[in-house]
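A.B. asks: Provided herewith is a single structure, encoded as structure tokens, for subsequent inquiry.
The values are calculated or read from the model by the stated rules, or taken from the named source; none is laboratory data. No experiment lies behind these values; they were computed from the predicted model shown. So basically every Cβ, Gly included, is an ideal-geometry build from the backbone, and we count neighbours across all protein chains shown. All accessible areas refer to the heavy atoms of the entire protein, side chains included, with ligands and DNA or RNA removed. Shrake-Rupley method; radii C 1.70, N 1.55, O 1.52, S 1.80 Å.
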Amino acid sequence: MSASTDSIAVQLPPAPPEKAPGRGGFGVDSVIGSATLRYVIKRLAQSVLTIWLTITTVFVLIRMAPGDPAYSVAGPLASSDELARIRTSMGLDDSVFTQYLIYLKDVVRLDFGTSYSFQAPALDVVLDRLPYTITLAVAAILLTVVVAVPLGVWMARHADSRRELGANVVTIAGQSMPDFWTGLMLLTFFAVVFPIFPAAGFTSWSGLVLPAVTVAVLQIALISRMVRREMVNSFASPYMTVARARGLTDRRLTWRYAMRNSAIPVLTALGTRFAALLNGVVVVEVVFAWPGVGSLVVRALETRDYPLIQATVLVTAVLAIGVQLLVDLCYPLLDPRVRLGKGASK
């Protein structure tokens, strides 16, 4: 019996040393990196599907809307023969399905056609206006972050006090005021009564102030109230009680712990609002004669400029999807517990 036991108890060779995470290794970092890569590829595939659905929907809707692009180009005095000739040159005599197939083939080649109203490539017209919209959106979102985050933190630290009541009234008022009314009031006081800033256009950087403030008023009201809600929840969490018991200062508790745990929903809201601003703030651009994408869309709709509408929608959709993807990729930087990709958090 003992001989059989001794024969069984054979020493196994030592296991090979585990590779350190790094070059050629299979450590945690490489697993996380591969999961993130798979997540990005998956999101890009979803983005392609989203863009396809978007441009298809817009293609169908603008052709279902009343109005004739040929009439907008030729004018009210055009004869029937002239209108027919213009429709043929625009390809509007073909069936909608044929037009759609031609459109998809042109999109793959990045050819969006010629704008009816500008008589120039539609994509070039959009790209000429896009920097103005991006400038306005970036200025508004930066102003929102600078004002809304400290204001929301202050409201959370003084929650349910009389001082916070006044801040609540201001934020609710900012959330309730329409953009056109805010813009007109700012325009009246700071461009007419007190001519400090230009009334319209973008001839200098001072012309950016009033449109950016007009756009930021609503965003500040929304984001500050969200920051306040998230920070109040963080202050009531058990880990904050433990941190206070360790003697940490209020400043470190607020910005190192509470703000970091509240950052993800705030970042999501900021990303969503920024993506919406990239689509153009139509009312603000009209009030201040801002040469952005929003006013361009209004003109394209008025003239039934199919190529320009389709190019504008595609470009803004790509930008909005790109912003949302960047926001998602920033989540692990704010909270290391967040892992992108299926099963990455296990």
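A.B. asks: Tell me, what is the per residue accessible area of the chain in Å², probe radius 1.4 Å?
C.D. replies: Dividing the accessible area of the chain by its residue count gives 58 Å².
A.B. asks: I've got another one for you. In debye, nearest 20, what is the charge dipole magnitude of the range 236-284 about its Cα centre with +1 on Lys and Arg Cβ and -1 on Asp and Glu Cβ, if you could check?
C.D. replies: 260 debye
A.B. asks: Which whole-number percent is the relative contact order of the chain (Cα, under 8 Å, 6+ apart)?
C.D. replies: 26 percent
A.B. asks: Hey, got a sec? Which trypsin sites (Lys or Arg not before Pro) in the range 235-328 land in a DSSP loop and have at most 10 other Cβ atoms within 10 Å?
C.D. replies: Answer in residue order: ARG246.
A.B. asks: Another one. What size of dipole, in debye to the nearest 20, comes out for the chain about its Cα centre when the only charges are +1 on Lys and Arg C-beta atoms and -1 on Asp and Glu C-beta atoms?
C.D. replies: Value, rounded to 20: 1660 debye.
A.B. asks: Specify which labelled value, from [x] 61; [y] 43; [z] 39, agrees with percent of Cα pairs over 28 Å apart derived from the coordinates of the model shown.
C.D. replies: Working out percent of Cα pairs over 28 Å apart from the coordinates points to [x].
A.B. asks: Under a Cβ-only charge scheme (Lys and Arg +1, Asp and Glu -1), can you give me the dipole magnitude of the range 105-236 about the Cα centre, in debye to the nearest 20?
C.D. replies: I would put it at about 440 debye.
A.B. asks: Further question on the same structure: Can you work out D for the range 59-132 in µm² s⁻¹ from Stokes-Einstein, where Rh is the Kirkwood radius over C-alpha pairs, the temperature is 20 °C and the viscosity is 1.002 mPa s?
C.D. replies: 155 µm²/s
A.B. asks: In addition: Would you mind computing, in nm to one decimal, how far apart the modelled labels at ARG256 and PHE189 are, each placed 7 Å from Cα along Cα→Cβ?
C.D. replies: Distance between label points: 4.1 nm.
A.B. asks: Assuming R0 = 51 Å, can you tell me the calculated FRET efficiency for the pair SER161 and SER206, based on Cβ-Cβ distance, to the nearest 0.05?
C.D. replies: About 0.85, to the nearest 0.05.
A.B. asks: Can you find, among VAL281, LEU218, VAL297, the residue sitting farthest towards the positive end of the charge dipole of the chain, where Lys and Arg contribute +1 and Asp and Glu -1 at Cβ?
C.D. replies: LEU218
A.B. asks: Sticking with this one: What part of the accessible area of the chain, given as a whole %, is carbon or sulfur when the probe is 1.4 angstrom?
C.D. replies: Here carbon and sulfur together make up 66 percent of the probe-accessible area.
A.B. asks: In deg cm²/dmol, rounded to 500, what helix-only [θ] at 222 nm does the chain give when every DSSP H run of at least 4 residues adds -39500 (n - 2.57) and the total is split over its residues?
C.D. replies: Rounded to the nearest 500, the figure is -22500 deg cm²/dmol.
A.B. asks: With the contact rule set at Cα under 8 Å and sequence spacing of 6 or more, what percent relative contact order holds for the range 233-298?
C.D. replies: Normalised by residue count, the contact order of the range 233-298 is 22 percent.
A.B. asks: Would you mind checking the tilt of helix 293-302 against the longest principal axis of the Cα atoms of the chain, expressed as 0 to 90 degrees and rounded to 10?
C.D. replies: 40 degrees
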